[in-house]
1. Tell me, which residue of region 307-323 that is at pLDDT 75 or above and out of contact with any Gly (no Cβ under 7 Å at 6 or more places or on another chain) is surrounded by the fewest Cβ atoms within 10 Å (Cβ to Cβ)?
2. Select from region 839-850 the residues that are outside any strand (DSSP E or B) and in contact (Cβ under 8 Å) with a residue 60 or more places away in the chain and write down the one among them that is surrounded by the most Cβ atoms within 10 Å (Cβ to Cβ).
3. Tell me whether region 864-883 contains one or more residues that are assigned to a loop (DSSP other than H, G, I, E, B), in the same structural domain as residue 850 (by TED's automatic domain parsing) and over 31 Å from the mean Cα position of the chain (by Cα).
4. With the structure loaded, tell me whether residue 938 is surrounded by 14 or more Cβ atoms within 10 Å (Cβ to Cβ), assigned by TED's automatic domain parsing to the domain that holds residue 982 and either modelled with pLDDT under 75 or closer than 24 Å to residue 120 by Cβ (or both) or whether it fails that test.
5. Which is modelled with pLDDT of 90 or more and either of a type outside the set (D, E, K, R) or under 15 Å from residue 934 (Cβ atoms) (or both), of 883, 888, 917, 868?
6. Within region 749-776, which residues are hydroxyl-bearing (Ser, Thr, Tyr) and buried (at least 23 other Cβ atoms within 10 Å of the Cβ)?
7. Inspect all residues belonging to region 962-970 and state whether any of them is surrounded by 23 or more Cβ atoms within 10 Å (Cβ to Cβ), outside any strand (DSSP E or B) and modelled with pLDDT of 90 or more.
8. What are the residues in region 113-137 that are buried (at least 22 other Cβ atoms within 10 Å of the Cβ) and polar (S, T, N, Q), if any?
Amino acid sequence: MRLNMVRHHFSNRFAVIGAGNMGRGVAASIARAGYEVIQYDRSESALTSSVAQNPQKIHAAAKLADCCDKVDAVLVTVSNEEAERAVFLGNEGLLNLSAEKVPPPIVLNLGTTSVAWARDLHNEASALGIPFLDAPVSGGPEGAANAQLTLMLGGNQSVVERANFIFKAIGKKYALMGGPGAGAAAKLVNQQLVIANAHAAAEALALAQKLDCDLKQLAALLNTSWGQSTMLDRAAGIILNSQATLEVKSAAPLRNFVKDIALVQAEALRVGVTANCLEPPRNILQHCAQHDLLHIDWAAVSVIASNRKKNLATLSDIPIPIPAETALQYRHEVAKMVHDKRLPVVPVVDDDPTGTQTVNNVSVLSYPWKDLKHLENQGCFFILANTRALPKAQAIERAKDIGQKLAAQMPKNMRCVASRSDSTLRGHFPAEVYALAEGLGWNDPIIILAPFFFQGNRLTANDIHYVADPKSGDLTPCAETEFAKDAAFGYKHSNLQDWVFEKSGRSPTASIGLDVIRNQGPQAVADIIFKAANSEQKPIVVVNALDRNDADCLALGIAYAQQRLVKRGFILRCAASLVAARCAVEQIPLLTANDIFKSCEPKKCLIVVGSYVEKTTRQLEHLIERFDSKAKVIELDAARVASFDKRDDEISRVINAVDSALQSKSSIVVLYSSRALVRDVCNQEQQHVSSLQIGDRVNEAICAVVASTIQKPSARNAFVVAKGGITSNDVAVKSLGVCRATVLGQVIPGVPVWRLGNETKIPGAPYVVFPGNVGTDESLADVIEILLKEVKVPLLTYSPTATTPKDILLEAREKGRAVGAFNLYNLEGVLAVRRAVERTALPAIVQFHPASFDFANTALLAACLDVAQSCTVAPILVALDHASSDDALDLALRRGVDYVMADGSRLEYNTNVAWTADVVNRATNSALKSSVAVEAELGLLAGEEDGLSVAEKHAKMTDPDIVADFVQRTKIDALAVTIGNVHGKYAREPNLDWARLDQIRNNAPEDLPLVLHGASGLPDNMLHRAISAGVCKFNVNTEVRAASRQAVKVASAADKDVLDIMKDSVDAMVPVIEAKLRAFAPTFS
């Protein structure tokens, strides 16, 4: 190789690629050592700032090639691997340019990278005969500016010996860690320690300040103690100099560490080593990203730590979730196990009727039930045990009886029962669980404690159960909420470990944390359950979850554990979310009035409110305020009906009032029990009556009123909304005579609607079960409005000016939203988009690839246009995506598309400009429609999609400096940008260049919509950050396609017919598309 044939000579010239904080410091140190520096950066301002440090020694290079001419060494210090690929690779990349020089310069990569990328660079350089080292540095911008860097080297010893003059110019210490990639590996170890120490130092110093320590004296003392570290010294100095604020921009900002954490954790996962110490700092980085604080220093994290309230977190503190595709695989595996009867039907013993909050098309049986016929093909069915309304002794008796009946009527392989209870921890635990097990004949059941309920904003993390504020994202530990003060079921602890001990006198056997669920998967979940099952004590396993993806992982893990413990009984003491996941209940869109009433138009709505929680009271007040003139409101005096001498008179009065209201022209009749909590009631023998008994008497009175009025002529075509869990049960069973009903779905998240059976007093009527603790203050009024007016919530209205595709994008941007563009391949996909648009009233774009023309000429285009035109709720645009063929573009324009993406990104810049301008001209002058929008792309995305394949090393990001010129010369309507986004799956955690995006936005015309391809896999916080920078169109393909493929696979395995398979495919895509549309509209309300 050339490396061994040519003796190196020195010209005392160095090249530095990159003029950011590190590159600027490196250039200054080299110049101070007496060498000449040639420096290059795409940012003219950054380059000018660096040159100004020492204009006699540091010179700006006009292009990358200038940095390879007559230099001894080239030092590369750019922000991330994507930027490095743009520098090193390609015909005009640094390696090829350096190979042309005789002798070639020594090339050092000073950046923090993955080990694999470092080894790839060694291989590329070696093949070209270039002396190369991976040489990441530690010491930060301060060390770079003062020649105090530590260099960790990977490569050949002979190259290290030749390059020692370089190391002496910029560093204080260096060492060869091993062969290619060893330097990168050592740097990742260093970064793990730096980040963990930096985070620990920030929190420790925040604690010191809160405890009134003398920080200056403490810092000096710690410097001689075991707690000493470089990051502690640094943080203390910054704090003492009053620079640790959220306003000061750090020279070593937090954003620099985002990719480092991802790299360390990826390498640790690859080699099977834990890196749990990085979870707390990763959560802090996510919090800061959510709040635009990545510019601050680690020392300023002390401010965040100081301001954090006791036991209070925010939704931004959530670790990175399970990827949607992975969760979908878990979900479909559980579904297949249920379908194949490997997981028998699960009876759900519900302590009140609100547990049907997450299911659809399943049966509900009252207690005692007649039979269990025709239930074997459902994933689950519900039994209305209503034990929460009973005193403890009666609840135990009923639970035992239910267990005995199930044991007698269910198949012997039924070894899993759900004991569905309150998501705010109210109920008879563990008494009724063990009573149920006794009735089933299970001596040693495995109890899974899972109170999370996502639709109701009940979340569990680190074993602490929270109630989340749906607007602010604040997480309040449940013991600090009104629910913990419940007269019958109050408690003191939010930590489920302590709560179990409080309720049972012993601690849980095990806990399944988010680290297990999100990093290790279902088999690890099963392992923990298996180990707990074989412990000496009765197993109780606490589980954590923050979203449906976590629940899907848990469900599959529980299923695996069941298969390993076939003779053991499982009791899921859970809220509603785990039921849906474990029983493979398909998610469907929220119900509309048409779904609920079909051809029968509702005339009257009887709303029965019995729940006493504060949330219900607020909802009742908002309901009355909104429908003031349309509603008749009747109050049942709880004190009078709880008494023993005024009860009958009060019930009679209210019956007459409700009947009269139903006969009036008012469409809404509200019956509610008085809000004051009734205490100190004595019976006729002057014995004290418990709060449960008082509640029972009030519910009996409500039921008597409803039973007496619901069958009168005045109630014809009326339907009932019952507010509160116990109220819902009693009204259903005692007033309406429900023996069996079918859950249709939910009208808003967490509020189910039943179709009543023929045996009831109002056969076939809908029955709305509204839990007492669900929704916002407006939710009860929203539900009534949906049911009576067929108003879709939430509804978006459009200004009359938003008539062209560009106007629709700009209107979305103005509202702080973006439009979803979905790549589709068949009629099912188009129908799925329309259904999602109808559910959300948000605009969307259906896109097809030119390859579809090769498959079926213009058939898909015709279907797209027809379906789009039929949607009246919100606009659906039809687009041709990634078109580089003039024939495909012309055909689409002639046939009536609204939007084309002219993809000239592979062309040389001026060729791209000329071709794109010609497409804009054709769209303006020869298209069927008069306002076709043209999108173009600058940069080249990595990844593979629809036959387009770009290797990661050949991807390049959008150059902000050419944006204005490109837009002015082409007259395009929208610009797709490349900032680290990829087509298809992200191989690692997405790392987007937000600074580049902000610069593009600043350089682009104000009225130019920006577009981001590759939105599949991007978390919501990244989507919202992009929207804040002006992105108003996201392209989605992978997640929707994966949902469809999995559905087809499962349906085909079940031997379903073609139409059923097509329907399943549509049903699978709709929730994915709907979720994306809502994620793209964070201001949607």
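1. Applying the filter and picking the extreme gives 321.
2. Among those that are outside any strand (DSSP E or B) and in contact (Cβ under 8 Å) with a residue 60 or more places away in the chain, it is 840.
3. Here is the first cut: in region 864-883, the residues assigned to a loop (DSSP other than H, G, I, E, B) are 871-875.
Next cut, in the same structural domain as residue 850 (by TED's automatic domain parsing) only: 871-875.
Then keep just the ones that are over 31 Å from the mean Cα position of the chain (by Cα); that gives none.
No, the conditions are met nowhere in region 864-883.
4. no
5. 917
6. Within region 749-776, 767 is the sole residue that qualifies.
7. Step one: list which residues in region 962-970 are surrounded by 23 or more Cβ atoms within 10 Å (Cβ to Cβ), which gives 970.
Filter again for outside any strand (DSSP E or B), leaving 970.
With the extra rule that they be modelled with pLDDT of 90 or more, the set shrinks to 970.
Yes - at least one qualifying residue is present in region 962-970.
8. 113 - this is the single residue of region 113-137 that is buried (at least 22 other Cβ atoms within 10 Å of the Cβ) and polar (S, T, N, Q).
The values are calculated or read from the model by the stated rules, or taken from the named source; none is laboratory data. Note that the structure is a prediction, hence the values are computed from the model and not measured. Quick reminder, even Gly has a Cβ in these numbers, built from the backbone with ideal geometry, and neighbours come from all protein chains shown.
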